[in-house]
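Taking it in order: structure first as structure tokens, then the write-up.
The values are calculated or read from the model by the stated rules, or taken from the named source; none is laboratory data. For clarity, every value in this text was computed on a predicted model and none was experimentally measured. As a convention, Cβ positions derive from the backbone with ideal geometry for all residues, glycine included, and neighbour counts pool all protein chains shown.
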Amino acid sequence: MASIQQTPQGPVLVLKESAFQQKGKDAQKNNIAAAKLVADLVKTSLGPRGLDKMLVDPLGDVTITNDGATILKEIDVQHPAAKMMVEISKTVDNEVGDGTTSSVVIAGSLLEKAEQLLNKDVHSTVIVEGYQAAAEKALELLSQIAKQVTPDDRASLLKIAKTSMQSKLISEDSEPISKIVVDAVLKISTKKAEKFTVDLDNIKVEKKSGGSIQDTALIKGIVLDKEIVHSGMPTKIERAKIALINTALEVEKTEMSAEIRINDPTQIQMFLDEENRMLKTMVEKIHEAGANVLLCQKGIDDIAQHYLAKHGILAVRRVKESDMTKLAKATGGRVSTNIDDLNEKDLGNADLVHQKKVESDKWLFIEGCRNPQSVTLLIRGGSQRIVDEVDRSIHDSLMVVKDVIEKPSIVGGGGAPEAFLASHLKEWADSFDGREQLAVKKFAEALEVIPLTIAENAGMDPIDTMITLRAKQSQGQKWTGIDARNTKIADMYSQDIVEPLVVKEQIIISATETACMILRIDDVIAISGGPSGAPGPPGM
């Protein structure tokens with residue numbers, strides 16, 4: 001406890017009695033140890049031969065994954081420095097979608113190398129400055145070796161999608177699924193001037209266990225996990241004219257509570273007849289507009305359902321707002337909030353609307369939209385766990401394809417860029433006069449953790465592999481990396497193993513910033529007395 005300071009006048013109490021304080025090297029070592037533990041946790045899941053983790057939550061739900069962001073999100077990390085490592089993976093996942101494990105592993109390696117310098121009495125500020133200089137140089141070198149591609153070049157995008165899937169559960173089915181992913185992203189990409197933009201919210205993902213991963217399909221339209229409301233309605237309509245309604249087909253109740261006194265029994269029938277007439281009028285307006293499919297965001301009264309069925313209109317109710325937006329983009333229709341204003345121009349179009357059984361559920365498929373700005377990925381798999389992992393893998397793949405469309409530069413995979421940066425940064429470090437030179441060299445060594453870990457996870461000899469890799473890199477073979485599938489060193493570019501430049505940049509930026517932030521901390525003060533009681537020493 002360091003909350004009491006001794007002075008000539010006696011002890012001075014600065015912090016609460018129950019506060020815990022850790023200073024200087026003790027604080028640094030504790031933080032570095034915690035961060036390294038987090039990196040070690042996800043290290044074995046890096047690369048095509050990386051292993052999965054089984055995570056069990058307090059309710060007993062099981063998640064099986066090798067996605068770094070998912071692993072760190074699911075485990076309840078307590079140590080404050082470890083939480084910072086979890087934040088990197090979240091940031092990288094949100095920003096670029098892939099490379100979450102790499103960013104955490106590199107950050108852990110940077111801290112491990114920094115610890116070696118701290119033990120030699122190199123000041124943490126010097127290490128931070130050296131790391132920041134090295135990161136800037138690394139980004140500069142990356143942009144020099146990156147290859148430009150055309151944003152809508154299917155061949156390049158397929159390579160990117162396939163590489164992303166190589167380290168996932170779906171690697172065996174990467175060929176058909178990468179085509180589905182690229183088709184989906186190209187369908188929803190929009191071009192402004194020379195630039196493309198992609199909003200992945202326009203891809204609706206529906207998951208259903210059953211069948212196999214190869215049954216995963218792209219629907220050029222929208223799939224709704226809803227049933228048709230009335231048994232008398234048609235279950236299949238070709239050349240559909242779709243009305244999208246954001247209002248209830250029901251007689252509205254009054255805002256305030258009111259009562260009507262009736263003296264004559266015939267008046268009750270009049271009320272019922274009037275209600276009936278109002279609902280019939282609503283349905284007539286939808287029919288007159290030419291709609292043969294009705295998708296309603298609110299409720300549909302039983303009587304309205306009867307009239308819709310008589311007109312042969314297929315109807316679905318309580319469609320989610322997010323789905324209505326996607327339906328409007330897919331079918332070219334407009335969401336109407338007033339049935340009186342509905343006309344033919346507001347209707348969307350689709351070649352086929354039909355109800356189909358998916359396992360035990362009945363779902364509505366709106367297919368064959370002509371130029372859909374929104375599409376659906378229907379993910380299938382042998383069990384719910386597999387479907388969930390396929391969903392996570394496809395998310396990463398969609399993100400990297402989006403990255404390349406929006407910033408069309410790519411680099412090799414398999415640890416090749418990291419090995420290239422390591423060899424060039426070591427040479428560049430010699431241009432520094434001061435102690436930063438040591439930090440730059442350690443930064444270069446830290447980057448080698450990626451090819452080294454990929455090799456270790458593939459069962460290759462780490463020492464022999466790194467010696468051969470360094471030799472080939474020094475001979476100018478910049479795309480040499482680890483081919484973990486065939487457990488050998490190879491040219492990654494010729495193997496079609498490529499990654500977006502923006503992912504590599506984000507990994508280096510996030511890892512460096514986090515490592516530098518942890519290195520700057522020399523004092524940890526934990527104040528107790530909060531809602532959860534005394535926290536005690538961090539990580540203990």
Requested in this report: Quickly run through the range 31-52 and pick out the residues that are surrounded by fewer than 19 Cβ atoms within 10 Å (Cβ to Cβ) and either of a type in the set (Lys, Arg) or under 25 Å from Thr125 (Cα atoms) (or both).
Outcome: Ala33, Leu37
Query raised in the report: Got at least one residue in the range 168-179 being within 17 Å of the chain's Cα centre (by Cα) and under 16 Å from Asp496 (Cα atoms)?
Result: yes
**Report entry** Residue under evaluation Glu288, criteria (1) without any contact (Cβ under 8 Å) to a residue 24 or more places away in the chain; (2) in contact with a strand residue (DSSP E or B) (Cβ under 6 Å, 6 or more places away or on another chain), criterion not met
**Finding:** (2)
Report summary line: Expected single match for within 19 Å of Val92 (Cβ to Cβ), assigned by TED's automatic domain parsing to the domain that holds Val182 and touching an Asp or Glu at 6+ places or on another chain (Cβ under 6 Å) among Asp403, Asp396 is Asp396
Requested in this report: Could you tell me which residue of the range 79-101 is surrounded by the fewest Cβ atoms within 10 Å (Cβ to Cβ), considering only residues that are touching a Gly at 6+ places or on another chain (Cβ under 7 Å) and not hydrophobic (A, V, I, L, M, F, W, C)?
Outcome: His79
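In the list Ser156, Ser178, Ser174, which residue meets the criterion of being on the phi < 0 side of the Ramachandran plot, of a type in the set (S, T, N, Q) and surrounded by 23 or more Cβ atoms within 10 Å (Cβ to Cβ)? Let's see the steps before the verdict.
Values: Ser156 fails: surrounded by 23 or more Cβ atoms within 10 Å (Cβ to Cβ); Ser174 fails: surrounded by 23 or more Cβ atoms within 10 Å (Cβ to Cβ).
Exactly one residue qualifies, and that residue is Ser178.
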Query raised in the report: Of (1) in a helix (DSSP H, G or I); (2) touching a Ser or Thr at 6+ places or on another chain (Cβ under 8 Å), Glu206 satisfies all except one. Which?
Result: (1)
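Please work out which residue is nearest to Lys220 (Cα to Cα), limiting yourself to the range 164-180 and to residues that are in a helix (DSSP H, G or I) and small (Gly, Ala, Ser).
Here is the first cut: in the range 164-180, the residues in a helix (DSSP H, G or I) are 164-166, 169-180.
When the remaining residues are screened for being small (Gly, Ala, Ser), the result is 164, 171, 174, 178.
Working: Ser164: 24, Ser171: 25, Ser174: 21, Ser178: 16 Å.
Only one residue tops the list, namely Ser178.
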Query raised in the report: Has the range 190-201 got any residue that is under 23 Å from the mean Cα position of the chain (by Cα), loosely packed, with under 14 Cβ neighbours inside 10 Å and in a loop (DSSP other than H, G, I, E, B)?
Result: yes
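If you scan the range 345-388, which residues turn out to be among the acidic types (Asp, Glu), in contact with a strand residue (DSSP E or B) (Cβ under 6 Å, 6 or more places away or on another chain) and surrounded by fewer than 18 Cβ atoms within 10 Å (Cβ to Cβ)?
Going through the range 345-388, the residues among the acidic types (Asp, Glu) turn out to be 346, 351, 359, 361, 367, 388.
Next, only the ones that are in contact with a strand residue (DSSP E or B) (Cβ under 6 Å, 6 or more places away or on another chain) stay: 346, 359, 367.
Across the range 345-388, the qualifying residue is only Glu359.
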Query - From the options Ala217, Ala258, Ala240, residue that is aliphatic (A, V, I, L, M) and free of Cβ contacts under 8 Å to residues at least 24 places away in the same chain - result: Ala258
Query raised in the report: Quick one: how many residues across the range 439-464 are of a type in the set (Asp, Glu) and under 25 Å from Trp428 (Cβ atoms)?
Result: 2
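Taking Lys472 as the residue in question, decide whether it is in contact (Cβ under 8 Å) with a residue 40 or more places away in the chain, surrounded by fewer than 24 Cβ atoms within 10 Å (Cβ to Cβ) and over 19 Å from Ile127 (Cα atoms). Write out each step before concluding.
Details: in contact (Cβ under 8 Å) with a residue 40 or more places away in the chain: no; surrounded by fewer than 24 Cβ atoms within 10 Å (Cβ to Cβ): yes; over 19 Å from Ile127 (Cα atoms): yes.
So Lys472 does not fit the description; no.
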Query raised in the report: Going through the range 102-127 one residue at a time, which ones are surrounded by fewer than 20 Cβ atoms within 10 Å (Cβ to Cβ) and either in contact with a Gly (Cβ under 7 Å, 6 or more places away or on another chain) or over 29 Å from Asn457 (Cα atoms) (or both)?
Result: Leu118, Asn119, Lys120, Asp121, Val122, His123, Ser124, Thr125, Val126
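Taking helices (runs of 4 or more DSSP H) that do not extend beyond the range 427-534, which have at least 3 residues that are more than 29 Å from the chain's Cα centre (by Cα)? Steps first, answer last, please.
Values: elements: 436-447, 449-457, 462-474, 501-520.
Hits in the range 427-534: 436-447, 462-474.
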Query raised in the report: Residues in the range 481-508 that are touching a Leu at 6+ places or on another chain (Cβ under 9 Å) and either buried (at least 20 other Cβ atoms within 10 Å of the Cβ) or not charged (D, E, K, R) (or both): how many?
Result: 7
Report summary line: Matching residues in the range 176-201 (of a type in the set (Asp, Glu) and modelled with pLDDT under 85) number 1
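Go through the range 53-72 residue by residue and tally those that are crowded, with 17+ Cβ neighbours inside 10 Å, out of contact with any strand residue (DSSP E or B) (no Cβ under 8 Å at 6 or more places or on another chain) and among the charged types (D, E, K, R).
Filtering the range 53-72 down to residues crowded, with 17+ Cβ neighbours inside 10 Å leaves 53, 63, 65-72.
Adding the requirement that they be out of contact with any strand residue (DSSP E or B) (no Cβ under 8 Å at 6 or more places or on another chain) leaves 67-69, 72.
Still in the running and among the charged types (D, E, K, R): 67.
Residues flagged as crowded, with 17+ Cβ neighbours inside 10 Å, out of contact with any strand residue (DSSP E or B) (no Cβ under 8 Å at 6 or more places or on another chain) and among the charged types (D, E, K, R) within the range 53-72 amount to 1.
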Query raised in the report: Out of Val205, Val283, Val223, which single residue is aliphatic (A, V, I, L, M), surrounded by 14 or more Cβ atoms within 10 Å (Cβ to Cβ) and either without any contact (Cβ under 8 Å) to a residue 12 or more places away in the chain or touching an Asp or Glu at 6+ places or on another chain (Cβ under 6 Å) (or both)?
Result: Val223
**Report entry** Hits in the range 66-84 - residues which are in contact (Cβ under 8 Å) with a residue 12 or more places away in the chain and in a helix (DSSP H, G or I)
**Finding:** Gly68, Ala69, Thr70, Ile71, Leu72, Lys73, Glu74, Pro80, Ala81, Ala82, Met84
